[in-house]
Amino acid sequence: MSDLSEVDKTKRLFMGLGSIVIGAGIGGALAYPIFQFAVGNALKTADDGDSKDWIDLGSASEFEEGKPTAKKITIEIRDGWVKSSSDETIWVVKKGNEFLTFTATCPHLGCKVNWVPERSEYFCPCHNSAFEVTGEKKPGAASARGLDTLEYRVSDGKLQVVFQKFKNLLPTKEVFS
Amino acid sequence: MASPAIPQFNGTLGKIYDWVDERAGISEIMHELLDEPIPGGTKYAYAFGSALLFIFALQSITGVFLAMYYVPSAEDAHKSVEYIMKEVPFGAFMRGMHHYGSSAMVIMVVLHILQIVIWGAYKQKRELLWLVGAGLFQLVLAFSLSGYLLPWDMKAYYGTVVTVGIASEVPIFGDMIKRIIIGGTEMGTITISRFFMVHVFLLPALTAGGIAAHLYLFRKAQPAGPFNMTEQEAMFKVEPFWPGQVFKDAVFSLVVFAILAYLSFATLAPLEPKADPSQTQYVARPEWYFLFLFQLLKYFPGSTAIIGSLIIPGIVMAIITFLPFLDRNPERHPLKRPFVMLGTLALLVAIGALHLLAKQDDNQNFAAQLKAQEEEGARFLKEPFEPKDTSQKSLAVAPPPEAFVKNCAVCHGENGAGGPAGPKLVGIAKKPGRSKEEIAGLIENPSAYDASKMPPMPQVSAAERAAIAEWIHTLK
Ligand code: FES
């Protein structure tokens, strides 16, 4: 088939390129909606407005001075097409009239920290991060910052916090939403 | 290998190409795939097969991505489809492509078969090619049937009830088959899960294998060429597959794609409210391309039903499947094959007539209900999305107001779940004409709100009416 005439060659070139252009066009026209579809609502920020959701941790007087206490809270989450509840743990330490309220999520990569009374430290078993009772990170911790405190208030004798999630790894606390 | 289909590169690009080619044999494959000689030249009439392949690819791609959000359970299937339609960016488009794509698949498979039949292209040692094709045709129909259930809306539910009912007509094993299909005696999550597995794993795998076999056998048998030329004439006008036929296939596929994309943007793929087995007014209709089969059922009452549902369609399908064995005459010109041509025409006319009769019957007897269903579906699609609420807050339903306990609970049940004399109130807030104000009005004057069976309640004060309506709206 090496003896194609010039006309044939042009025709073949046109049809060949035409096929490729059509194929690429259809692929491109599909790629955009598919990409958007796959990303879905992942990048949408929740619009709860500015109203803070105060969650009760129980009576403020029941906490023992200086001793970390775990409190389970239930938060409302939106999981795709479902509105549901999820449990989280908050570490509470009473210091005189003040409170320290930590989320139990390790600021390193998000495992949960537990209080180890024998060593007087919060410990994250994932990559060995230890934190003081005050939340500061101990030397050698994998985490770049101490435990993340949550905003709290005492209202009607009840200790309340605003639950938030924070970005991993950073040396300072930044809200993840 | 001197092939006009294989690109020639110079310089570095050429070296890279040669390096890869020596190891991967690209040139050989390209030559094999693209230089296929087409006797009698390229034609748009040959584009249906490629278009089918194209639509199958579209269905696979959109299907894979739809599965990112779809959950096959009685609890979540409908909500997840609603979520896709209303909340996910381009969700309505993706589902539209998949929905209209299924129709396109059926249309295209029929056109493809008709072309082969008219051209007599199933003859001359092409029996296996045709058999695999017939199997693929049945797989396409199985795709539609199994996909129909997945959104778990009214249409899906009743469509499947009928389909499964037909399966149960099989003598002796009918009930067993039915139980195995639905996974017990109750249609629900197990049923959806089975249809889902069949629709997204089993059928695609079988189809992919079938397509591979079909293409291989096609290449082995070679294109049949025009029916009105001798083999010598056809060989004289031979054209390679690339680029002439590829271009025609591409143009045709582009037209198909443009139509599907337009439909998906212009018209939402239907989705009705969630399946409700207690709904007695619902008129169930299959997808349009099965309407003729549905009409056929009407002519075989009682114990003869199996004739219309399984025997006649089974015989027709068997004739189609074994056509190359039944029609052994080597003649390919359609005008010289009156038997097959008239048979095909008669089948098409019968299908068309049954379809029109079904439409006519519906227009005469069910027009109002069908229209109401359509409007209900459209209304449902326009409703803003409400997430399913399983949070602990929602579980704590407030106790009914005292006025409800005193005046309403006797008939409607203590928690509004319905009783012997009154319908259930749970979920009623979602129905049209049942806003809080309207419910309060209904309690005052039931007959003005289409509830003439309910006695008027003059003893209930306006404040109590409002409290009851408020509470009823919390029942989900
Ligand atoms: S996640 Fe806690 S140390 Fe890595």
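Using only alpha carbons, build the gyration tensor for the range B:36-154 and give me the equivalent ellipsoid semi-axes, biggest first, whole Å. Write out the running numbers ahead of the final one.
Working: eigenvalues 248, 47, 21 Å².
Ellipsoid semi-axes (Å, largest first): 35, 15, 10.
Over all distinct Cα pairs, what is the inverse of the mean 1/r for the range B:1-102, reported as the Kirkwood hydrodynamic radius in Å? Working shown, then result.
Numbers: mean 1/r = 0.0563 Å⁻¹.
Over the range B:1-102, the inverse of the mean reciprocal pair distance is 17.8 Å.
Quick one: dipole size for chain B, taken about the Cα centre, charges +1 on Lys/Arg Cβ and -1 on Asp/Glu Cβ, in debye to the nearest 20.
On the way: 39 positive and 41 negative charges, 124 e Å.
Here the size comes out at about 600 debye.
How would A:Phe131, B:Phe236, A:Phe163 line up from fewest to most surrounding beta-carbon atoms within 10 angstrom? Each step should come with its number before you reach the end.
On the way: A:Phe131 24, B:Phe236 11, A:Phe163 18.
If I rank by nearby Cβ atoms, fewest first, I get B:Phe236, A:Phe163, A:Phe131.
Quick check on the range B:331-476: take the gyration tensor over C-alpha atoms, sort the square-rooted eigenvalues as a ≥ b ≥ c, and tell me if it's rounded (a/c under 1.5), prolate or oblate.
Details: a/c = 4.22, a/b = 2.83, b/c = 1.49.
The shape class here is prolate.
Give the residues of the range A:78-117 whose amide nitrogen is closer than 16 Å to a point set 7 Å from the Cα of A:Leu169 in the direction of its Cβ.
Only A:106-111 fall inside the zone, counting backbone N under 16 Å.
How large are Rg and Dmax for the range B:379-438 when calculated on the C-alpha trace, in angstrom?
13.8, 38
Excluding residues fewer than 8 places away in the same chain, name every one of the aspartates and glutamates whose C-alpha is closer than 17 Å to that of B:Lys336.
Within reach: B:Asp327.
What percentages make up the Cα-Cα pair-distance distribution of chain B when the bins are 20 Å wide from 0?
18, 44, 26, 10, 2
Which value, in Å to one decimal place, does the Kirkwood hydrodynamic radius take for the range B:287-363 when every pair of different Cα atoms is included?
Working: mean 1/r = 0.0709 Å⁻¹.
For the range B:287-363, inverting the mean 1/r across all distinct Cα pairs yields 14.1 Å.
Once you have all Cα-Cα distances for the range A:59-136, histogram them in 10 Å bins from zero and send the whole-percent values.
Going from the shortest bin to the longest, the percentages are 18, 43, 28, 10, 1.
What distance in nm lies between label points placed 7 Å from Cα along the C-beta direction at B:Val238 and A:Ala31?
Result: 3.8 nm between the two label points.
Multiplying the sequence separation of B:Gln360 and B:Arg23 by 0.36 nm and subtracting their Cα-Cα distance, what value in nm do you get? Write down the numbers at each step before the final one.
Numbers: separation 337, 0.36 × 337 = 121.32 nm, distance 6.36 nm.
Taking B:Gln360 through B:Arg23 to full extension adds about 115.0 nm, to one decimal.
So for the range B:239-292, Kirkwood radius off the Cα pairs, Stokes-Einstein at 37 °C and 0.692 mPa s: how many µm² s⁻¹? All intermediate terms of the calculation are to be shown ahead of the outcome.
Working: Rh = 15.3 Å.
Calculated translational D: 214 µm²/s.
For A:Asp79, enumerate residues with amide H under 5 Å from its amide H, sequence gap 5+ or separate chain, H modeled in the peptide plane.
Close amide H contacts, sequence-distant or interchain: A:Ser84.
Using a ≥ b ≥ c from the Cα gyration tensor of the range B:131-176 (square roots of the eigenvalues), is it rounded, prolate or oblate, where a/c under 1.5 gives rounded and otherwise the larger of a/b and b/c decides, a/b for prolate?
Taking the square roots of the gyration eigenvalues as a ≥ b ≥ c, the range B:131-176 is oblate.
Label points 7 Å out from Cα along the Cβ direction at A:Phe14 and B:Gln8: separation in nm?
Output for this residue pair reads 2.2 nm.
Given only helices, namely DSSP H runs of n ≥ 4 each adding -39500 (n - 2.57), what is the per-residue ellipticity at 222 nm of chain B, to the nearest 500 deg cm²/dmol?
Counting only the DSSP helices, I get -18500 deg cm²/dmol.
Quick check on my link table: of A:Lys67/B:Lys393; A:Lys72/B:Lys79; B:Lys79/B:Lys371; A:Lys44/B:Lys86; A:Lys9/B:Lys43; A:Lys167/B:Lys86, which ones sit more than 22 Å apart, alpha carbon to alpha carbon?
Working: A:Lys67/B:Lys393 31 Å; A:Lys72/B:Lys79 30 Å; B:Lys79/B:Lys371 24 Å; A:Lys44/B:Lys86 15 Å; A:Lys9/B:Lys43 19 Å; A:Lys167/B:Lys86 30 Å.
Result: A:Lys67/B:Lys393; A:Lys72/B:Lys79; B:Lys79/B:Lys371; A:Lys167/B:Lys86 exceed 22 Å.
Would you tell me the mean number of C-beta atoms belonging to other protein chains that fall within 10 Å of each C-beta in A:72-82, as a whole number?
Values: counts 0, 0, 3, 1, 5, 1, 2, 4, 11, 17, 11.
Rounded to a whole number, the mean comes out at 5.
Averaged over peptide A:23-29, how many Cβ atoms belonging to another chain are found within 10 Å of each residue's Cβ?
Working: counts 5, 0, 3, 10, 0, 0, 4.
That works out to 3 on average.
If you bin the C-alpha pair distances of the protein assembly as shown every 20 Å from 0, what whole percents do you get?
All Cα pairs considered, the percentages come to 14, 34, 31, 18, 4, 0.
Based on the alpha-carbon gyration tensor of chain A and its eigenvalue square roots a ≥ b ≥ c, which shape applies: rounded if a/c is under 1.5, prolate if not and a/b is larger than b/c, or oblate?
Values: a/c = 5.14, a/b = 2.74, b/c = 1.88.
It comes out prolate by the Cα gyration axes.
Expected output is a single nm value to one decimal: the length gained when fully extending between B:Met229 and B:Met68, i.e. 0.36 nm times separation in residues minus the C-alpha distance. What is it? Don't jump to the answer; show the numbers that get you there.
Numbers: separation 161, 0.36 × 161 = 57.96 nm, distance 5.11 nm.
So the chain would gain 52.8 nm between B:Met229 and B:Met68.
Under 13 Å Cα to Cα from A:Lys83, which aspartates and glutamates show up? Leave out anything in the same chain fewer than 8 places away.
Partners found: B:Asp76, B:Glu386, B:Asp389.
Sequence neighbours fewer than 8 away in the same chain don't count; with that in mind, list the lysines whose C-alpha is under 20 Å from A:Lys173.
A:Lys173 reaches A:Lys52, A:Lys112, A:Lys137, A:Lys138, A:Lys165.
With a Cα-only, solvent-free Debye model of the range B:117-156, what are the log10 I(q)/I(0) values at q = 0.15, 0.26 Å⁻¹?
Rounded to two decimals, the profile gives -0.51, -0.84.
Can you put B:Val251, B:Val88 in order, fewest other beta carbons within 10 Å first? Please report the intermediate quantities before stating the final value.
Numbers: B:Val251 15, B:Val88 25.
If I rank by nearby Cβ atoms, fewest first, I get B:Val251, B:Val88.
Kindly rank B:45-51, B:34-40 from highest to lowest mean number of other beta carbons found within 10 Å of each residue. Walk me through the numbers on the way to the answer.
Values: B:45-51: 20.0, B:34-40: 17.9.
Result, highest mean Cβ count within 10 Å first: B:45-51, B:34-40.
Please list, by residue number, every one of the GluC sites (Glu not before Pro) in the range B:395-443 that is coil in DSSP and has at most 14 other beta-carbon atoms within 10 Å.
Working: sites: B:Glu402, B:Glu414, B:Glu437, B:Glu438; in loops: B:Glu414.
Hits after loop and neighbour filter: B:Glu414.
So what's the projected area for the range B:225-318, the Cα convex hull averaged over all directions, in nm²? Working shown, then result.
Working: hull surface 48.9 nm².
Convex hull of Cα atoms, orientation-averaged projection: 12.2 nm².
Between the range B:241-263 and the range A:105-158, what is the separation of their alpha carbon centroids in Å?
Using only Cα atoms, the two centres lie 61 Å from each other.
Take every Cα pair under 8 Å in chain A that's 6+ residues apart, average their separations, divide by the length, and report that relative contact order as a whole percent. Numbers along the way, then the final one.
Details: 268 pairs, mean separation 30.5, N = 177.
Relative contact order, chain A: 17 percent.
Quick one: Karplus J couplings for the range B:340-351, per residue in order, coefficients 6.51, -1.76, 1.60, θ = phi - 60°, nearest Hz, x for Gly and Pro?
5, 5, 5, x, 4, 4, 4, 4, 5, 5, 4, 4
What residues qualify as long-range amide H neighbours of A:Phe166, i.e. H under 5 Å apart, gap of 5 or more or another chain, H built at 1.01 Å from N?
Amide H to amide H, under 5 Å and 5 or more residues apart or across chains, A:Phe166 pairs with A:Phe176.
How many nm is it between the label spots at B:Phe173 and B:Glu470, if each spot is 7 Å from the Cα in line with the beta carbon?
Distance between label points: 6.2 nm.
The numbers here are math on the coordinates, done by the rules we state, and not lab data. Please read all numbers here as calculations on a predicted model, not as lab measurements. Cβ sites come from the backbone with ideal geometry, for glycine too, and all protein chains shown count toward neighbours.
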